[in-house]
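One structure is given below, encoded as structure tokens.
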2 protein chains.
Amino acid sequence: MTRAEAADMPDDAARETPDRLRRQASRQLSQLTARSDRLINEGLARVDARKWHYAVLASLQDCGPGSQATLSGRTGIYRSDMVGVLNELAERELVERAPDPDDRRRNVITISPRGRRHLRRLDKVLDGLHDELLAPLDPAERDQLMRLLTRLLDHHTRTS
Amino acid sequence: MTRAEAADMPDDAARETPDRLRRQASRQLSQLTARSDRLINEGLARVDARKWHYAVLASLQDCGPGSQATLSGRTGIYRSDMVGVLNELAERELVERAPDPDDRRRNVITISPRGRRHLRRLDKVLDGLHDELLAPLDPAERDQLMRLLTRLLDHHTRTS
DNA sequence: GAATCAACGTTTGTCTCACTAACGGTTTCG
DNA sequence: CGAAACCGTTAGTGAGACAAACGTTGATTC
């Protein structure tokens, strides 16, 4: 499109995001995830937490104690980054990090009673935040969305 | 869950991502977007491009030339980051950046013939990549997904 | 039983993305 | 004319995803 052709375009068309971009699945995903991440991060920050905290605590509660490598596998956090997350959780006394007597390479991470209380709180906070995130969708649609996302994610983790 | 309770858990349960995490919409979104971004970035890198290049070129092609601020609005790229993107595009001679005679604060960005050719190529590449991204879904499901994502995104951009 | 190899936790560093703050130059408005 | 708003640009922040390498420790193999 030349300058001259563009001249008789309505001002709106010149300022809005073109359809070509709005039709890209990858773009919609990125943008929505950016919003979602911000919403979740801000919500969790209000209770002095971050989303990795929740992932680790939930994994400990549901699957029991484990080494840092195990937790890394369960949560998807890289083992390089797990160090910092566990430092934060240990500072707040939500988990305990103790050397494994059976394998001195490992640490055994255990959730503390305080960690369990915190997890219950985070569960409530996250429920509220997800309700905000998915506000425009009714329950059936939320389910549908989760199904589609999960299928895509599973496909790409198997095919990794 | 105490250490003792966890002891009689099957090894699988101790290693897999717990349901509690897999049910989080925000988490599925993040993870899928990470995969998607990597897929797209790698695919575009093979033709010496990045996704912002596509966004800018497509916006120029579909809505005509504009200032950097206009492009920023159309593409969602921050004006701080737009500078670098336009430098890369100008280096490759895909766009032209000229001072606006009517308003000396502005630059007018125009797509070049070469940019138009490049855009056509990127369109094909991106079509292929999206096909890979959405491989497990049939056309109706892809449509359904886009509809849901768009509704959520629209809601959160209006309510911003 | 010594040598090799793998796993673990840790440190360091890279790259991208979204976003803020501040600057000098320019236009617009009161 | 002066203040406010806008433009492009620079610099920097914080998070997320990831790679490389190191010392320690365990398992395997000759």
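The values are calculated or read from the model by the stated rules, or taken from the named source; none is laboratory data. Bear in mind the structure is a predicted one, so any value in this text is a computation, not a measurement. Note: ideal-geometry Cβ built from the backbone for every residue, glycine included; neighbour counts use all protein chains shown. Each accessible area value is taken on the protein alone, full model and side chains, heavy atoms only, with ligands, DNA and RNA left out. Shrake-Rupley method; radii C 1.70, N 1.55, O 1.52, S 1.80 Å.
Numerical summary
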quantity: Number of partner chain Cβ atoms within 10 Å, mean per residue of B:38-48; calculated: 1
quantity: Projected label distance in nm at B:R97 and B:D19, using a 7 Å step from Cα toward the beta-carbon; calculated: 5.4
quantity: Other-copy label distances relative to A:E132, 7 angstrom Cα-Cβ extension, nm; calculated: 3.7
quantity: Computed [θ] at 222 nm, helices only, for chain B once each DSSP H run of length n ≥ 4 contributes -39500 (n - 2.57); calculated: -21500 deg cm²/dmol
quantity: Low-density loop positions, chymotrypsin sites (Phe, Trp or Tyr not before Pro), the stretch A:20-92 - DSSP coil, at most 12 other Cβ in 10 Å; calculated: A:Y78
quantity: Two-decimal Rg to Rh for the protein assembly as shown - Kirkwood Rh, Cα set; calculated: 1.06
quantity: Overall dimensions of chain A as given by Cα atoms, namely Rg and Dmax in Å; calculated: 21.6, 77
quantity: Candidate lysines - alpha carbon under 23 Å from A:K124, same-chain residues fewer than 8 apart omitted; calculated: A:K51
quantity: GluC sites (Glu not before Pro) lying in DSSP loop within the stretch A:41-128, provided at most 15 other Cβ fall within 10 Å; calculated: A:E93
quantity: Estimated buried accessible area (total), pair B and A, 1.4 Å, Å² to nearest 100; calculated: 6700
quantity: Label 7 Å beyond Cα on the Cβ vector: A:E91 copy-to-copy distances, nm; calculated: 3.8
quantity: Rounded to the nearest 10 Å², the accessible area of B:I40 at probe 1.4 Å; calculated: 10
quantity: Rotationally averaged projected area of the stretch A:47-125 (alpha carbon convex hull; nm²); calculated: 4.8
quantity: Listed residues A:R38, A:R27, A:R117, most fluctuating in chain A (Gaussian network, C-alpha, under 10 Å); calculated: A:R27
quantity: B from A by rotation - nearest chain A beta carbon to the axis, in Å; calculated: A:T33, 2
quantity: The stretch A:47-125, relative contact order in percent, only Cα pairs under 8 angstrom and at least six apart counted; calculated: 33
